[in-house]
1. What's the FRET efficiency of Tyr43 with Ile154 using the Cβ-Cβ distance as r and R₀ = 25 Å, to the nearest 0.05?
2. Angle between the Cα long axis of helix 104-123 and the longest principal axis of the chain, 0 to 90 degrees, nearest 10?
3. Put a dot 7 Å past each Cα toward the Cβ at Arg256 and Glu345; how far apart are the dots in nm?
4. So how strong a dipole does the range 4-128 carry about its Cα centre when Lys and Arg Cβ are +1 and Asp and Glu Cβ are -1, to the nearest 20 debye?
5. Mind checking the full-extension length gain between Thr196 and Thr36? Use 0.36 nm per residue of separation minus the Cα-Cα distance, one decimal, nm.
6. State in Å² the accessible area per residue of the range 140-202; use a 1.4 Å probe, count heavy atoms of protein chains only, and round to the nearest integer.
7. Per residue of the range 362-379, what does 6.51 cos²θ - 1.76 cosθ + 1.60 with θ = phi - 60° give for ³J(HN,Hα)? Whole Hz please, x for Gly and Pro, Karplus curve as stated.
8. First measure r as the distance between the Cβ atoms of Val51 and Val233, then evaluate 1/(1 + (r/R0)^6) with R0 = 30 Å and state the FRET efficiency to the nearest 0.05.
Amino acid sequence: MPSAFDTNMRFKFSILALLLEVIIIVLFGIFVDYDTSGSLALYPFFQDVHVGIFVGFGFLMTFLKKYGFSSVGVNMLIAAFGLQWGTLMKGFWNAKGEKIQINVESMINADFSTATALISFGAVLGKTSPVQMLILTILEITIFACNEHLVTEILQATDVGASMTIHAFGAYFGLAVTLVLYRPGLKNKHENEESTYHSDIFAMIGTMFLWLFWPSFNSALASGEACQIKAIVNTYYSLAACTVVTFALSSLMDQRGKFSMVLIQNATLAGGVAVGTCADLTIHPFAAMCIGSIAAIVSVLGFRFLTPLLASKLKIQDTCGVHNLHGLPGILGGIASIVVTAVKEDVRQSVHLTPGMQAAALGSTIGIALVGGALTGGILKLPFLGQASDQNCFDDSVYWEVPAEEILHEIHSNNYDEHRRPEATM
């Protein structure tokens, strides 16, 4: 017989998911229409971004030995729901007339909006329910759309690869959520909060997809081919330099000189995050490589020293280390844009980029993310939403049918029966 917890979660999730989808379909029917005047030239970029969102982010989080179904599956749920909600939230700010016009560019923006929720998902991975993640997605994408409008339209800052508006925002939003949802019972590492050889290989699949498609992520919405080419080149070389430095530091950090798979899975991507804000600016490839190298150093040191400190002193349990992959490199990207705009004048669509507007964009993004994340965490903490106990964290079997579960149960039962037999004790 199903437990009361299982039954309650079944109805809560199903009713909430269906209700939200019906609402979104109705809103699409009222407000959304085609924009057939747009070009298909962006479609290859959209495909790359789409793969990164669903495959890259999904598999990157499969390192937990008993949480692979949830990592890939809930990632897919958040992305599929989030891109619809993101279309509406982003569209309401940019609607022309009475309708939200949908084209390939708006689909890329919709995917981008889901990335914020997926980054935050990494911070709370293994500790939340599907119901909580649906609510987080609604709230975070809504707040993200407001902050992005503030940064790009009011402050008129540049952030083509969204180092600030997506990566830093998603990381600090997620850190604020996990702070509010702090679980004292997980102060000492949970037995399931670790990887296996095979789960780490699956996580490297996510790393490789993100690494390969990150140039598209940073260049997709750059204005014009010249800016797109610069963004592609800068990201390409920033990632390459970041990877070499990460491998070097990973070996250096280990007393035996061995590589850490945690660092290789995550810190190798930090260069793509950090170069994002100024990717389409004329910074030259050598500067992009310097940014990537610094990002690697910041990310590796973050994993080595800062993550344990945040957990022990500030009660921030960051499962995936999103602070080191997205938060710190996102801040680095914002700082890089401040330096670049201070050193070299640049104009974007008749707007003169200044260090002041870049600094204001970085500060407002982090502030809004922290406040929004704390408020969202408070809502997710409401008892009626339900969540797994500390003992059941990081375990797929709480929310998924796990085929191996029945086999393992049968093996354990047989072993128990054998130990009870008289001949087994002789």
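1. 0.25
2. 40
3. If labels sit at Glu345 and Arg256, their model points lie 5.9 nm apart.
4. In total the dipole reaches around 540 debye.
5. Roughly 52.8 nm would be gained on extension.
6. 40
7. 5, x, 5, 4, 5, x, 5, 5, 5, 5, x, x, 5, 5, 5, x, x, 5
8. 0.90
The values are calculated or read from the model by the stated rules, or taken from the named source; none is laboratory data. Quantities reported herein were computed from a predicted structural model and do not represent experimental measurements. We place every Cβ from the backbone using ideal geometry, glycine too, and count neighbours over all the protein chains shown. Quick note on the areas: whole protein, heavy atoms, side chains included, nothing else; ligands and nucleic acids left out. Shrake-Rupley method; radii C 1.70, N 1.55, O 1.52, S 1.80 Å.
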